[in-house]
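S.K.: Structure provided below as C-alpha cells; questions to follow.
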Amino acid sequence: MGRSDCRRRRGWQATNSLRPPHPVKRAGAGADGLALTGAHRAVEFPADINTLGAGEDARRARQRCAFLPDGPIGRKRRGAGVRFLISFVRAVEDANDRIGRAVAWFTLATVAICFLVVVLRYVFNIGYRWMQEAYVWVHAVAFMGGAAYTLLRGGHVRVDIFYRNAGARTRAWIDIAGTVIFLMPFLAVVAIWSWPYVAQSWQILESSRDSDGLPGVFLLKTVILVFVALLAFQGLAIMARGAVVLCGRAAELPDPSRHQPGAP
C-alpha cells in the first residue's frame, strides 16, 4: 500500500468516525422502520437550519444540531455543572431582588424621618438626637443594601462604547472580565480594610457618642460587610450567567427582565 493510499485511508476513517451509526431495521420503530443504535443520540434539526446561510452562524448551528456522543463531551454540555450555574444565578438574583425591593422602602422612611426632624426643629423648636441619627442610619442601609439590586438591574453608571451593539457571547466575555478585573478587587479592598473597623466596633459594642443617640453603632458598621457580600454574590451570578451563555444554553437562564420595575 502506497503512501497516498495510507493518507486516503486515514482521511476516510476520520470522516466516518464523525458520522452517526448506521440505522438498522427494528420492529415498531416508526413508519420507515429505522432506529439508531450505539452510544449516540439524535438531535432534531431546527426548522430554519437551511435558512441560516453560510458562515459562522450556520456552522455553529450545525454543530449544535449534530449527533452528540454520550461521552465526556456530551455529559459536560448536559451535565450538572451548567444546571448548578443556572440554579445559582436564579437563587442569587431572586434574593437580591427581594432585598432590593425591601430596602427601597427605607428611602421613603429616610424622607419621612428627615421631614419630621425639620418640622419639629423649626416649627416646634424640638430636637431629638436619636431621630437625627435615625434617618442617616436608614439611608445608609438603603444605599448599602440596595447596591447589589442596582447592579442586578444594570442601574449603576457605566460608559457604554460598544457593549450595547455587541453580540451575546461578546457581552458575556465583557461581563466576566469586568467582574474579575474591577468589581472583585474593589470588594476585596473594602472587605480587608473594613474588617478591623467592624470587628473593633463589635468588641466594645459601640454605641452613639451622644447620650441620647442610638445604640448599636456596631450593627450599622456591619452593613459594610453585608454590602460586600451582596455585591460579591451578584458578581458571581453575573460571571455564572456569562459562563452559561458561552456554553450555548442561554435559553435556560431566567429572564433578566423579570427584575425590572413593574415586573411581578
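S.K.: So for the range 228-243 (the condition being assigned to a helix (DSSP H, G or I), under 17 Å from Leu152 (Cβ atoms), free of Cβ contacts under 8 Å to residues at least 40 places away in the same chain and not aromatic (Phe, Trp, Tyr)), does at least one residue qualify?
M.R.: The answer is yes, given that some residue of the range 228-243 is assigned to a helix (DSSP H, G or I), under 17 Å from Leu152 (Cβ atoms), free of Cβ contacts under 8 Å to residues at least 40 places away in the same chain and not aromatic (Phe, Trp, Tyr).
S.K.: Right, here's the next one. Return only the number of the condition from (1) touching a Gly at 6+ places or on another chain (Cβ under 7 Å); (2) within 23 Å of Gln234 (Cβ to Cβ); (3) not in a helix (DSSP H, G or I) that Ser207 does not satisfy.
M.R.: (2)
S.K.: Residue check: is Arg169 in a helix (DSSP H, G or I), modelled with pLDDT under 95 and exposed (fewer than 15 other Cβ atoms within 10 Å of the Cβ)? Step through it out loud before you land on a result.
M.R.: Working: in a helix (DSSP H, G or I): yes; modelled with pLDDT under 95: yes; exposed (fewer than 15 other Cβ atoms within 10 Å of the Cβ): yes.
Yes, satisfied.
S.K.: Also: Scan the range 107-154 for residues that are within 30 Å of Gly178 (Cα to Cα), in a helix (DSSP H, G or I) and not aliphatic (A, V, I, L, M) and jot them down.
M.R.: First, pick out the residues of the range 107-154 that are within 30 Å of Gly178 (Cα to Cα): 107, 139-154.
Cutting the leftovers down to in a helix (DSSP H, G or I) gives us 107, 139-145, 147-152.
Passing the criteria: Thr107, His139, Phe143, Gly145, Tyr149, Thr150.
S.K.: For the subset of the range 190-216 comprising residues that are among the β-branched types (Val, Ile, Thr) and surrounded by 11 or more Cβ atoms within 10 Å (Cβ to Cβ), which member is nearest to Arg129 (Cα to Cα)? Steps first, please.
M.R.: In the first step, residues of the range 190-216 are kept if they are among the β-branched types (Val, Ile, Thr); the result is 190, 192, 198, 204.
Those still in the list that are surrounded by 11 or more Cβ atoms within 10 Å (Cβ to Cβ) too: 190, 198.
Values: Val190: 30, Val198: 23 Å.
Looking at residues that are among the β-branched types (Val, Ile, Thr) and surrounded by 11 or more Cβ atoms within 10 Å (Cβ to Cβ), I get Val198.
S.K.: Across the range 129-163, which residue is surrounded by the most Cβ atoms within 10 Å (Cβ to Cβ) among those that are more than 18 Å from the chain's Cα centre (by Cα) and of a type in the set (D, E, K, R)? Spell out how you get there, then give the answer.
M.R.: From the range 129-163, those more than 18 Å from the chain's Cα centre (by Cα) are 129-144, 157, 159-162; that's our starting set.
Then keep just the ones that are of a type in the set (D, E, K, R); that gives 129, 133, 160.
Working: Arg129: 14, Glu133: 18, Asp160: 8.
Ranking the qualifying residues of the range 129-163, first place goes to Glu133.
S.K.: Let me ask another. Take the residues of the range 118-128 that are exposed (fewer than 14 other Cβ atoms within 10 Å of the Cβ) and out of contact with any helix residue (DSSP H, G or I) (no Cβ under 7 Å at 6 or more places or on another chain): which is nearest to Gln234 (Cα to Cα)?
M.R.: Of all residues in the range 118-128, those exposed (fewer than 14 other Cβ atoms within 10 Å of the Cβ) come to 118-119, 122-127.
Retained after the next criterion (residues that are out of contact with any helix residue (DSSP H, G or I) (no Cβ under 7 Å at 6 or more places or on another chain)): 118-119, 122-125.
Details: Val118: 37, Val119: 40, Tyr122: 43, Val123: 45, Phe124: 46, Asn125: 46 Å.
Filtering first and then ranking leaves Val118.
S.K.: Looking at (1) surrounded by 12 or more Cβ atoms within 10 Å (Cβ to Cβ); (2) farther than 17 Å from Gly213 by Cβ; (3) not basic (Lys, Arg), which one does Phe115 not meet, given that it meets all the others?
M.R.: (1)
The values are calculated or read from the model by the stated rules, or taken from the named source; none is laboratory data. Values in this document were obtained by computation on a predicted structure and should not be read as measured data. We place every Cβ from the backbone using ideal geometry, glycine too, and count neighbours over all the protein chains shown.
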